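*Asks:* Here you go, one structure.
The values are calculated or read from the model by the stated rules, or taken from the named source; none is laboratory data. Since the structure is predicted, the reported quantities are computational estimates derived from the model, not experimental observations. All Cβ positions, glycine included, derive from the backbone under ideal geometry; neighbour counts span all protein chains shown. With ligands, DNA and RNA removed, areas are computed over all heavy atoms of the protein, side chains included. Shrake-Rupley method; radii C 1.70, N 1.55, O 1.52, S 1.80 Å.
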Amino acid sequence: MTRLSVNINKIATLRNARGGDIPNVLTAAIDCQHFGAQGITVHPRPDERHIKYNDVRDIRPVITTEFNIEGYPSESFMDLVFEVKPHQVTLVPDPPDAITSNAGWDTKTNKDFLTKVIKRFKDAGIRTSIFIDANTELIKHAKDTGTDRVELYTEPYAIGYASNPGKAVDPFVKAAEAARQIGLGLNAGHDLSLDNLNFFIASIPWIEEVSIGHALISDALYYGLENTIQMYLRKLNIA
Ligand code: PXP
């Protein structure tokens, strides 16, 4: 069964709009878990405009599910991850000012860098995942870095889904099969939604985890957080 990790960055973005503590991100993390989320994801960016480094520290003790920290592996990001010791770290290649992650790693060009970084995380007992495009070659290069998993960058699927779901998912199925063949674990995320999630998971049922933020938190405005999480879980429960 594919696990749902809720990315709570948008809750922090809303809070930061007023500078106070409403909505409270700690309460949101606790409630997401209580409502059925099987993981919590945070993505601290260098300018702390969403989740702040101190939020990550504060959230750690309340996590009863799986804690996934995403980010570009700068020294300050790595120090935070070593201090907080999440279950998983997901490495993204974002430049510091990126609005959101909009490309996967070039695992060929960055192989040496990623290999060194991943070794440090693995020595600390933290599972690693690399954000990656649906590209079989890059997935093979990812395997050489020693990473445990890759996270498929699903925005192109989400865009293509509207006009032709089968065509949109096809490169992801091929990439996912390549990952499975060489023994890489598989996550997915970016722009997954109530509309497009079920078809994606039905096409690649061996995905271990999806991390979903923007659409899920937006849906919660209409359906409430508890209902929304249950709706996403039903989309994942395709048995
Ligand atoms: N995975 C990664 C690596 C991301 O950077 C993001 C966005 O922060 C997501 C998943 C979640 O994407 P979305 O907010 O579109 O659900």
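*Asks:* Tell me, please, whether a residue that is farther than 15 Å from TYR153 by Cα and touching a Pro at 6+ places or on another chain (Cβ under 7 Å) can be found in the stretch 97-116.
*Replies:* Looking through the stretch 97-116, none of the residues is farther than 15 Å from TYR153 by Cα and touching a Pro at 6+ places or on another chain (Cβ under 7 Å).
*Asks:* LYS119 - would you say it is crowded, with 16+ Cβ neighbours inside 10 Å and farther than 23 Å from ASP55 by Cβ?
*Replies:* no
*Asks:* Any residue that is open to solvent by less than 80 Å² (accessible area, probe 1.4 Å) and among the acidic types (Asp, Glu) - is there at least one of those in the stretch 74-90?
*Replies:* So far as the stretch 74-90 goes, no, none of its residues is open to solvent by less than 80 Å² (accessible area, probe 1.4 Å) and among the acidic types (Asp, Glu).
*Asks:* Where the second residue is outside any helix (DSSP H, G or I) and of a type in the set (Asp, Glu) and the first is closer than 13 Å to ILE182 by Cα and lies in the stretch 143-154, which pairs have Cβ atoms under 9 Å and are six or more apart or on separate chains?
*Replies:* ARG149/GLU208; ARG149/GLU209
*Asks:* Right, next: Filtering the stretch 181-194 down to residues that are within 23 Å of ALA103 (Cβ to Cβ) and more than 12 Å from the ligand (Cβ to nearest atom), which residue is most open to solvent (accessible area, probe 1.4 Å)? First the steps, then the outcome.
*Replies:* Restricting attention to the stretch 181-194, the residues satisfying the condition of being within 23 Å of ALA103 (Cβ to Cβ) are 182, 184-193.
Keeping just the survivors that are more than 12 Å from the ligand (Cβ to nearest atom) gives 182, 184-186.
On the way: ILE182: 58, LEU184: 11, GLY185: 13, LEU186: 2 Å².
Out of the qualifying residues, it is ILE182.
*Asks:* I need the full set of residues from the stretch 203-237 which are more than 15 Å from the ligand (Cβ to nearest atom), over 30 Å from ALA178 (Cβ atoms), part of a helix (DSSP H, G or I) and without any contact (Cβ under 8 Å) to a residue 60 or more places away in the chain, in order please.
*Replies:* The answer is TYR222, TYR223, ASN227.
*Asks:* So, one more: It is to be established whether one or more residues within the stretch 39-48 are within 15 Å of the ligand (Cβ to nearest atom), crowded, with 21+ Cβ neighbours inside 10 Å and farther than 19 Å from PHE131 by Cβ.
*Replies:* no
*Asks:* Which of the residues spanning the stretch 136-171 are under 18 Å from the mean Cα position of the chain (by Cα), away from the ligand (no atom under 14 Å from the Cβ) and surrounded by fewer than 24 Cβ atoms within 10 Å (Cβ to Cβ)?
*Replies:* Within the stretch 136-171, ASP148 is the sole residue that qualifies.
*Asks:* Let me ask another. Taking the criterion of being out of contact with any Gly (no Cβ under 6 Å at 6 or more places or on another chain), part of a helix (DSSP H, G or I) and of a type outside the set (S, T, N, Q), would at least one residue in the stretch 183-194 satisfy it?
*Replies:* The answer is no; no qualifying residue exists.
*Asks:* Residues being modelled with pLDDT of 95 or more and more than 15 Å from the chain's Cα centre (by Cα): count how many of those fall in the stretch 36-55.
*Replies:* Summing the residues that are modelled with pLDDT of 95 or more and more than 15 Å from the chain's Cα centre (by Cα) in the stretch 36-55 gives 5.
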